[in-house]
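Okay, structure first, notes after.
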Amino acid sequence: MRLFLLSLVGWGILRAQPEKYPPAQQFPRFLFYTLEGQPFTDKDLPPPQRGRLVFFFDPYCDHCQKQASFMRENASSLKDVQQIWVSTETMEAIRKFQETYLKALPNTFVLRDKDFKFDSFFGYSVPPTIYVYDRTGKLRGVYREEVPVSRLLQDL
């Protein structure tokens with residue numbers, strides 16, 4: 001129990017240092033896990049047609065749920081945009097979020113960051129954080145709030 005509490009405190013300290021984890025200016029290499037527990041890296045993604053949207057989310061976050069609803073409502077305009085949704089929560093919680101909010105979205109990858117490495121790959125993030133990368137992999141925007149889909153598409 002003591003080790004668990006120390007881990008939480010350590011994780012909180014790391015998360016509270018945004019200058020230590022600036023946004024990745026180029027789409028980074030990463031290692032996360034599928035909802036079946038299999039390793040998934042940036043190499044497992046097909047080349048993007050238009051660009052990539054990377055979402056750091058918490059399944060219990062109202063703002064994350066609202067953002068996912070925005071994405072679902074605009075699914076037809078997102079068919080050529082990769083969406084990568086990443087959470088540190090349990091597989092069960094992420095799976096429920098996926099089934100409730102992301103099921104109808106094309107070109108969407110839902111992954112788990114069980115090692116708490118998202119910040120070191122993409123940059124300091126709190127749910128919801130959205131990273132917008134164009135098709136060449138260049139960072140075009142970072143949002144730490146709900147964002148209209150039209151704005152995300154503009155950035156691409």
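Return the residues of the range 125-148 that are touching a residue at least 24 places away in the same chain (Cβ under 8 Å) and more than 29 Å from E36 (Cβ to Cβ); say none if nothing qualifies.
Within the range 125-148, D134, K138, L139, R140, V142, E145, E146, V147, P148 meet the criteria.
Can you name the residue in the range 94-124 that is touching a residue at least 40 places away in the same chain (Cβ under 8 Å) and hydroxyl-bearing (S, T, Y) and, of all such residues, is farthest from H63 (Cα to Cα)?
Filtering the range 94-124 for residues that are touching a residue at least 40 places away in the same chain (Cβ under 8 Å) and hydroxyl-bearing (S, T, Y), the one farthest from H63 (Cα to Cα) comes out as S120.
For the range 133-156, enumerate the residues that are under 17 Å from H63 (Cβ atoms), among the aliphatic types (A, V, I, L, M) and assigned to a strand (DSSP E or B).
V142
What tally of residues in the range 51-81 results from selecting those that are under 14 Å from D155 (Cβ atoms) and touching a Lys or Arg at 6+ places or on another chain (Cβ under 7 Å)?
2
Name the residue that is nearest to L45 (Cα to Cα), counting only residues in the range 84-107 that are of a type in the set (G, A, S) and surrounded by fewer than 18 Cβ atoms within 10 Å (Cβ to Cβ).
That would be A104.
When the range 34-70 is examined, which residues are found to be within 12 Å of I84 (Cα to Cα) and of a type in the set (F, W, Y)?
F40, F55, F56, F57
Pairs please, first residue from the range 76-93 and free of Cβ contacts under 8 Å to residues at least 60 places away in the same chain, second anywhere and β-branched (V, I, T) and outside any strand (DSSP E or B), Cβ atoms under 8 Å, 6+ apart in sequence or on different chains.
Partner pairs satisfying both residue conditions: S87/I94.
Can you report the number of residues in the range 58-83 which are crowded, with 17+ Cβ neighbours inside 10 Å, out of contact with any helix residue (DSSP H, G or I) (no Cβ under 7 Å at 6 or more places or on another chain) and part of a helix (DSSP H, G or I)?
2
Taking the condition of being small (G, A, S), touching a strand residue (DSSP E or B) at 6+ places or on another chain (Cβ under 6 Å) and crowded, with 18+ Cβ neighbours inside 10 Å, how many residues in the range 108-142 meet it?
Going through the range 108-142 one residue at a time, the tally reaches 1.
Is it fair to say V149 is surrounded by fewer than 20 Cβ atoms within 10 Å (Cβ to Cβ) and among the aliphatic types (A, V, I, L, M)?
yes
FYI, it's all coordinate maths here, none of it is from the lab. No experiment lies behind these values; they were computed from the predicted model shown. Heads up, the Cβs are rebuilt from the backbone with ideal geometry, glycines too, and the neighbour counts pull from every protein chain shown.
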